[in-house]
Amino acid sequence: MATRFVERVAVEVAGEGEPVLMIHGLGGTSNVWTPLLPALSRYRTLRPDLPGSGRSDRVEGPLTIARFVETMRRVCHEAGVERAHVVAHSLGTIVAFHLAVADPTLVRSLALFGPLACPPDPARPAMRARGAAARRDGVAGMQSLAETLVTAGTAYETRAHRPIAVALVRELLMRQCPDGYARTCEALADAEAVDVSRIACPTLLVTGDEDAVAPAQSVRHLGSRIPGSRIEVLHRCGHWTPVEKPEECAALLRSFYARRN
């Protein structure tokens, strides 16, 4: 495994085979995908930290979905990737939808965890308020946010019986640069949906039955607009799908890619 930097964006690159671009969500980093890597041992994985997140926090200027999409294109170009499977979580699924519509020749398939086309309008002010709190309160504020978001974002079973999963989610959030996290919140709050009916590649949508960000009913509605999409709902799972249910998510990826070969 090697870490590359593409215009201050950290990218973990590992393995050989067909490329898989993995896009994390708000508060995440490339480490969100570590539990799923055994399912991708025959693939070449590219795991960037989005601008403003993780080790890519030192990028300048406003963050937007369009900027994230263009960054993913540059990551692929620098890696010599002309066509890739795309795996994404939460905010990353919005980026993936935009990428698939804007550059369909690049995206071979979509495997999306906790997917949403854009935030619902009532959630946008709260997202901006969260970003303002992170910017105002700094590192201490990120710790407070981490405690709140672990409770709101994970299932009861995860909190009661998966302490390592809880620790990973807390650590991911607490280690974010407050300003980078705030700017990412603003990018998410401003996100607009693309016409997902234009997506022609094979698409897998996975959510949890306790996911309040991407509720099962909303994901089913989203999938109904994507021709031929496959929808899976994991029981006793919240929004941090790859971390809360890694074995199940890995099995779904293996099955999904087996059908592509």
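The values are calculated or read from the model by the stated rules, or taken from the named source; none is laboratory data. In this text, all values refer to a predicted model and were calculated from it rather than measured experimentally. Using ideal geometry, Cβ is built from the backbone for each residue, glycine included, and neighbour counts are taken over all protein chains shown. Keep in mind that these areas ignore ligands, DNA and RNA; they rest on the heavy atoms of the full protein, side chains included. Shrake-Rupley method; radii C 1.70, N 1.55, O 1.52, S 1.80 Å.
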Restricting attention to the stretch 211-261, which residues are among the basic types (Lys, Arg) and within 17 Å of the chain's Cα centre (by Cα)? Lys245
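Does Val95 count as surrounded by 23 or more Cβ atoms within 10 Å (Cβ to Cβ) and out of contact with any Cys (no Cβ under 9 Å at 6 or more places or on another chain)?
Judged against the criteria, Val95 is a match.
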Among the residues of the stretch 231-251, write down those that are within 12 Å of His89 (Cα to Cα) and in a loop (DSSP other than H, G, I, E, B). His239, Trp240
Could we say that Arg74 is out of contact with any helix residue (DSSP H, G or I) (no Cβ under 9 Å at 6 or more places or on another chain) and in contact (Cβ under 8 Å) with a residue 40 or more places away in the chain here? yes
Take Pro19 and tell me if it is more than 28 Å from Asp179 (Cβ to Cβ) and touching a Pro at 6+ places or on another chain (Cβ under 8 Å). no
Residue pairs meeting the criteria (Cβ under 7 Å; at least 6 apart or on separate chains; first closer than 18 Å to Asp195 by Cβ, in the stretch 81-107; second at pLDDT below 95): Pro104/Ala200
Odd one out for Glu192, checked against (1) within 21 Å of Thr29 (Cα to Cα); (2) within 17 Å of the chain's Cα centre (by Cα): (1)
Check Val166 against each of (1) under 18 Å from Trp240 (Cα atoms); (2) exposed (fewer than 13 other Cβ atoms within 10 Å of the Cβ) and name the one condition it does not meet. (2)
For Gly180, which of the numbered conditions (1) at pLDDT 95 or above; (2) farther than 26 Å from Thr29 by Cβ; (3) not hydrophobic (A, V, I, L, M, F, W, C) fails to hold? (2)
Screening Arg220, Arg236 for residues that are farther than 18 Å from Gly153 by Cα and at pLDDT 95 or above leaves only Arg220
If you check every pair at least six apart or on different chains, which have Cβ atoms under 7 Å apart with a residue in the stretch 113-138 that is of a type in the set (A, V, I, L, M) first and a residue that is part of a loop (DSSP other than H, G, I, E, B) second? Leu116/Val213; Leu116/Ala214; Ala117/Ala193; Met127/Pro119
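Can you pull out every residue in the stretch 219-229 that is open to solvent by 50 Å² or more (accessible area, probe 1.4 Å) and either polar (S, T, N, Q) or not in a loop (DSSP other than H, G, I, E, B) (or both)?
Pass one, the stretch 219-229, residues open to solvent by 50 Å² or more (accessible area, probe 1.4 Å): 220-221, 224-225, 227-228.
Within the stretch 219-229, Arg220, His221, Ser224 qualify.
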Of all the residues that make up the stretch 169-214, how many are touching a strand residue (DSSP E or B) at 6+ places or on another chain (Cβ under 7 Å) and either free of Cβ contacts under 8 Å to residues at least 24 places away in the same chain or open to solvent by 10 Å² or more (accessible area, probe 1.4 Å) (or both)? 3
What pairs can you find where one residue is in the stretch 230-250 and without any contact (Cβ under 8 Å) to a residue 60 or more places away in the chain, the other is part of a loop (DSSP other than H, G, I, E, B) and open to solvent by less than 50 Å² (accessible area, probe 1.4 Å), and their Cβ atoms are less than 7 Å apart, with a gap of 6+ or different chains? Leu234/Lys245; Lys245/Cys237
